[in-house]
Amino acid sequence: MSHKSFVAVATLVIGVLIDSGNAWTARGCVDLDSSTFDKVTKKFRYSLVKFDTAFPYGDKHEAFTNLALETVEATDDLLFALVGIKDYGEQDNADLGKRFNIPKEYPVIKLFMGDNGKPIDFPPDEEVTSENLRKFLKRNTDLYIGLPGCVQLLDELAQKFMATDDATERQAIMAEVERAEQGTEALDPTKKSFPMYLSLMRKVVKSNQPPVDVLSEEMKRVEKLLTEKLSDAKKAELKLRINIMLSFSMLNRALKYERTEL
């Protein structure tokens, strides 16, 4: 079965289960168990899996499932999956819990990559929100996972900018951003993002430091500002700047900084 055919069949099955009321599957997610886990996750380049109680609920569950719904149409390369673990009765999926060293402090979220058996853990000390899950995917995959304030075209240009050390090419990329800004209507909500991309590019151009170091220092500076007493509007602006900085990292993994709680 081809990848696209598999995705279509999986989507149909989810729809049937939901409509029939015979499963607790959340829309946009697939339920996995011990017999289906490897078969399904190996079909996708990336699988974001939430290990949880058998019948999950609450803000963390909603954050996960809401993001699944928001991104389900964006790419066929990312699967959102749920594994319900029972520590009573027949102990469904307890073997998966043991296999992946899942503690009972649910939920535990892991990113699996195709047939690579070594998943990446969502930081256990990080709050499970849709925004933080987006950032986690953005840092650890090469998929386009747009964060608030980000623009896909500008994100692609930002990565091209970081991929070159040619001054002429960087200037050409900055000029392309400026042209895109001029062609964006004044009422477009993304209009305010363009100057942030440009200001970060100019910082890199003016500095004698490696680009990653420049952005790392800027990230620390902005995160430090967020610990101070600021207006809600200023905090929102700085958080958008952080989102945009993440778009500059090569394959979203190059920024080296200590994350702080926002």
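How would you order 133-141, 109-117 from highest to lowest mean count of nearby Cβ atoms within 10 Å? Don't skip to the end; give the middle numbers.
Values: 133-141: 20.9, 109-117: 16.0.
For the peptides 133-141, 109-117, the packing ranking is 133-141, 109-117.
Quick check on packing: order 175-187, 36-48 by the mean number of other C-beta atoms within 10 Å, highest mean leading.
Working: 175-187: 11.7, 36-48: 18.1.
Peptide ranking by packing, descending: 36-48, 175-187.
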Can you pull the Rg over Rh of region 69-220, Cα-only, Kirkwood? 1.08
Does anyone have the angle between helix 167-182 and the longest principal axis of the chain? Alpha-carbon axes, 0 to 90°, nearest 10? 80 degrees
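Per residue, how big is the convex hull around the C-alpha atoms of the chain? Give it to me in cubic angstrom, could you?
Working: hull volume 42.9 nm³, N = 262.
Spelled out: Cα convex hull of the chain, divided by residues, is 164 Å³.
If you stretched the chain out fully between D188 and D166, how much longer would it get, using 0.36 nm times the residue separation minus the C-alpha to C-alpha distance?
Numbers: separation 22, 0.36 × 22 = 7.92 nm, distance 3.19 nm.
Answer, rounded to one decimal: 4.7 nm.
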Viscosity 1.002 mPa s, temperature 20 °C, Stokes-Einstein D of region 87-128 from Kirkwood C-alpha radius, µm²/s: 182 µm²/s
Placing +1 on each Lys and Arg Cβ and -1 on each Asp and Glu Cβ in the chain, then taking the dipole about the Cα centre, the residue among N101, L246, L82 whose Cα reaches farthest towards the positive end is L246
Put a dot 7 Å past each Cα toward the Cβ at V222 and E237; how far apart are the dots in nm? 1.3 nm
Selected from L154, V72, Q209, residue furthest toward positive end of dipole (the chain; charges at beta carbon): Q209
Once you place label points 7 Å from the Cα toward the Cβ at L143 and K42, how far apart are they in nm? 2.0 nm
Debye log10 I(q)/I(0) at q = 0.15 Å⁻¹ for region 37-130, Cα point scatterers: -0.58
Considering the alpha-carbon set of region 135-256 alone, what are its Rg and its Dmax in angstrom? 14.0, 41
Taking Cα atoms only, helix 130-140 is inclined relative to the longest principal axis of the chain by an angle, in degrees rounded to 10, of 80 degrees
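Can you say what percent of the DSSP beta bridges in the chain, counting only those with both residues inside, are antiparallel? Round to 5. List each step's numbers first, then the result.
Values: 8 of 18 bridges.
Beta bridges within the chain, antiparallel portion: roughly 45 percent.
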Once fully extended, how much extra length lies between D76 and Y57, figured as 0.36 nm per residue of separation less the alpha-carbon to alpha-carbon distance? 4.2 nm
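Please give me, ordered by residue number, the GluC sites (Glu not before Pro) of region 105-151 that lie in loop per DSSP and have at most 16 other Cβ atoms within 10 Å.
On the way: sites: E105, E126, E127, E131; in loops: E105, E126, E127.
Passing sites in region 105-151 are E105, E126, E127.
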With +1 on each Lys and Arg Cβ and -1 on each Asp and Glu Cβ, how big is the dipole of the chain about its Cα centre, in debye rounded to the nearest 20? 560 debye
So, with points 7 Å from each Cα along the Cβ direction, the D87-Q152 label distance in nm works out to 4.3 nm
The chain: angle of helix 152-163 to the longest principal axis, Cα-based, in degrees nearest 10: 70 degrees
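If N is the number of residues in region 190-238, what value comes out of its Cα radius of gyration divided by 2.2 N^0.38 Å? Please list the in-between numbers first.
Working: Rg = 12.2 Å, N = 49, 2.2 N^0.38 = 9.7 Å.
Its radius of gyration relative to the 2.2 N^0.38 Å reference: 1.27.
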Computed [θ] at 222 nm, helices only, for the chain once each DSSP H run of length n ≥ 4 contributes -39500 (n - 2.57): -15000 deg cm²/dmol
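Throughout, read-outs are computed from the coordinates displayed, never taken from laboratory work. If you're wondering where the values come from, they're calculated on a predicted model, not measured in any experiment. Methodologically, a virtual Cβ is constructed for each residue, glycine included, from the backbone with ideal geometry; neighbour enumeration extends over all protein chains shown.
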